[in-house]
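Enquirer: Mind looking over this structure? Questions follow.
The values are calculated or read from the model by the stated rules, or taken from the named source; none is laboratory data. What you are looking at is a predicted structure, and each value in this text was computed from that prediction instead of being measured. We place every Cβ from the backbone using ideal geometry, glycine too, and count neighbours over all the protein chains shown. These area figures cover heavy atoms from the full protein model, side chains too; ligands, DNA and RNA do not enter into them. Shrake-Rupley method; radii C 1.70, N 1.55, O 1.52, S 1.80 Å.
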Amino acid sequence: MNKYFDNGSTSYPKPKKVAEDIYDYIVNLGGTYGRAAYERVIKCTSMVESCRDKVAQIIGASDGANIFWCQNATMGSNTVLNSLNLEGKRVLISPMEHNAITRPLHHLNVEWEVMPCFDDGFVDVEKLNQISKDNLSLIIVNHQSNVNGIIQPIEEICKWAGDTEVMVDTSQSLGHINIDVEKNNIDYLIFTGHKGLLGVSGIGGYYSKNPRKMKPLIYGGTGTSSESYSMPNSYPDTQEAGTPNMVGIVGLNSAIENRPKSQHTKKEVFDFLVELKKIKGLRVLCANDFKNQGELLSFYSTEISGSEFVLRLNRDFGIECRYGVHCAPLAHRTLKTLELGTIRVAFSPYHTHEDLEYLLQSIKKALI
Amino acid sequence: MKLAIFESVRNVTKADTACTEQKIDVTIVAIPKEISSDCGIGIKLDDDIVKDFDACMVEKGISYILYNY
């Protein structure tokens, strides 16, 4: 029985091969990226570039050179937002953004506007047409909410955006939902390796359609142009100072190569939601239309506190999930749950129909 | 003997992989400082395979500069 439902925080378990390949790297391969010409380094460097190409393929980018490694999506967001001169410009964001977006914007003194939406946070594309694009510099969209799992209409938003730059946060969606940066003319995409992609934490990155526009967030050695005190102009080097997270990239590479087939169907998730909504005293936060629903959702009890509810689920049934605001106060404002917080569950490919049924029955019993 | 240098480490590995696929015998080496510091590593190749190497790089869209080595 898999009772771990906190995959919105980090995925567990990982494919077994991820652990084996990381062990093999540490014990047998070792080696750094691109700093020398002996075989160990060449193998490691090739692996890093192969993984970069795999990520590019997943997001529909034809060239891996447009993918940059960093710690996580948050660092990717900070790098992109710091690269753009947003002072005095208008920025439009989706109503379900995470603090990975709003905090850097706040730090940069950028005042944002929020897209019109329905009560489940789904962007109302028709109403976008009422928004002026004058001085609009950037549009930011959370692909799949980390609070209620709503999947935003990226294609329609990008069409409406036209020439205005678009940045997409795929922290919760990548690995679960397809996205195509070139088809949708997406300018920036941030991702993390340890959630839907099933890698380990500490590795993520970002895509930039035009890498020449990017400015480094950190400065340092790259193994190239070493005589200069300035960062090299070539990319990805110009954005990747310091030794990359080799263990993280080994793990991500392996996770992508060894992704398991999902042990449950979409229909089973929707059936679970239908049953969940029938529970008296439970409010479920999900998409109004299941076609916009990802494999993540939240709920809260109208009878007992979230703290007590999540304690019962864990203590009495072994369910591991998270209660709180999930670092997304804007999303909670949109859903009118900021004062309460929610309990969040997120599924992984390893969950079976029986796991979902166990979760459903545990929730019912915990409320008695 | 020739030395091909590239604008990034990524392109060195792309070039090396392409050469391996097309059975072009090359070796990744540390670039002598007197040639360039643009990239810490480059690709060494024999004079008689320069044409094949160039065709391979053109096919893969990888730019490089060739030096005598």
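Enquirer: Would it be correct to say that residue B:60 is open to solvent by 60 Å² or more (accessible area, probe 1.4 Å), of a type in the set (Lys, Arg) and free of Cβ contacts under 8 Å to residues at least 12 places away in the same chain?
Expert: Judged against the criteria, residue B:60 is not a match.
Enquirer: To continue, here is another question. Would you please list the contacts, defined by Cβ atoms under 8 Å and residues six or more apart or on different chains, that run from a residue in segment A:225-240 that is under 12 Å from residue A:215 (Cα atoms) and within 9 Å of chain B (Cβ to nearest Cβ) to a residue that is open to solvent by 50 Å² or more (accessible area, probe 1.4 Å) and assigned to a helix (DSSP H, G or I)?
Expert: Hits for this filter: A:235/A:212.
Enquirer: Still on this structure, please answer the following. Hand me the list of strands (runs of 3 or more DSSP E) wholly inside segment A:110-194 holding 1 or more residues that are acidic (Asp, Glu) and not assigned by TED's automatic domain parsing to the domain that holds residue A:323.
Expert: Counting at least 1 such residues, we get A:112-114, A:165-169.
Enquirer: Conditions first: (1) within 26 Å of residue A:268 (Cα to Cα); (2) among the aliphatic types (A, V, I, L, M); (3) open to solvent by 40 Å² or more (accessible area, probe 1.4 Å). Residue A:296 passes all but one, so which condition is the exception?
Expert: (3)
Enquirer: Residues A:67, A:58: which one is out of contact with any His (no Cβ under 7 Å at 6 or more places or on another chain), among the β-branched types (Val, Ile, Thr), more than 14 Å from chain B (Cβ to nearest Cβ) and within 24 Å of residue B:60 (Cβ to Cβ)? Step through it out loud before you land on a result.
Expert: Values: A:67 fails: more than 14 Å from chain B (Cβ to nearest Cβ).
A:58 is the lone residue from the list that is out of contact with any His (no Cβ under 7 Å at 6 or more places or on another chain), among the β-branched types (Val, Ile, Thr), more than 14 Å from chain B (Cβ to nearest Cβ) and within 24 Å of residue B:60 (Cβ to Cβ).
Enquirer: Does residue A:187 fit the bill of being buried (at least 18 other Cβ atoms within 10 Å of the Cβ) and more than 22 Å from residue A:270 (Cα to Cα)?
Expert: Spelling it out, residue A:187 is indeed buried (at least 18 other Cβ atoms within 10 Å of the Cβ) and more than 22 Å from residue A:270 (Cα to Cα).
Enquirer: Looking at B:65, B:49, B:41, can you tell me which residue is within 13 Å of chain A (Cβ to nearest Cβ) and either open to solvent by less than 60 Å² (accessible area, probe 1.4 Å) or out of contact with any strand residue (DSSP E or B) (no Cβ under 6 Å at 6 or more places or on another chain) (or both)?
Expert: Testing whether each residue is within 13 Å of chain A (Cβ to nearest Cβ) and either open to solvent by less than 60 Å² (accessible area, probe 1.4 Å) or out of contact with any strand residue (DSSP E or B) (no Cβ under 6 Å at 6 or more places or on another chain) (or both) leaves just B:41.
Enquirer: Would you check if there is a residue in segment A:268-281 being more than 14 Å from chain B (Cβ to nearest Cβ) and within 30 Å of residue A:67 (Cα to Cα)?
Expert: There is no residue in segment A:268-281 that is more than 14 Å from chain B (Cβ to nearest Cβ) and within 30 Å of residue A:67 (Cα to Cα).
Enquirer: Answer yes if at least one residue in segment B:2-19 is in contact with a Pro (Cβ under 9 Å, 6 or more places away or on another chain), among the charged types (D, E, K, R), touching a residue at least 40 places away in the same chain (Cβ under 8 Å) and within 14 Å of chain A (Cβ to nearest Cβ), and no otherwise.
Expert: yes
Enquirer: Considering only residues that are among the aromatic types (Phe, Trp, Tyr) and buried (at least 16 other Cβ atoms within 10 Å of the Cβ), which ones fall in segment A:216-265?
Expert: Quick first cut of segment A:216-265, residues among the aromatic types (Phe, Trp, Tyr) only: A:219, A:229, A:235.
Hit for segment A:216-265 is A:235, nothing else.
Enquirer: Can you tell me which residue among B:30, B:55 is within 11 Å of chain A (Cβ to nearest Cβ), open to solvent by 20 Å² or more (accessible area, probe 1.4 Å), among the hydrophobic types (A, V, I, L, M, F, W, C) and free of Cβ contacts under 8 Å to residues at least 60 places away in the same chain?
Expert: One residue alone meets the criteria, B:30.
Enquirer: Within segment A:56-78, which residues are farther than 23 Å from residue A:35 by Cα and among the aliphatic types (A, V, I, L, M)?
Expert: Result: A:56, A:58, A:59, A:61, A:73, A:75.
Enquirer: On to the next question. Got a number for residues in segment A:93-106 being open to solvent by 40 Å² or more (accessible area, probe 1.4 Å) and either assigned to a loop (DSSP other than H, G, I, E, B) or modelled with pLDDT under 95 (or both)?
Expert: Filtering segment A:93-106 for residues open to solvent by 40 Å² or more (accessible area, probe 1.4 Å) gives A:98, A:103, A:106.
With the extra rule that they be either assigned to a loop (DSSP other than H, G, I, E, B) or modelled with pLDDT under 95 (or both), the set shrinks to A:98.
Qualifying residue count, segment A:93-106: 1.
Enquirer: Hey, residue A:164 hits all of (1) within 26 Å of residue A:284 (Cβ to Cβ); (2) surrounded by fewer than 21 Cβ atoms within 10 Å (Cβ to Cβ); (3) among the hydroxyl-bearing types (Ser, Thr, Tyr) but one; which does it fall short on?
Expert: (1)
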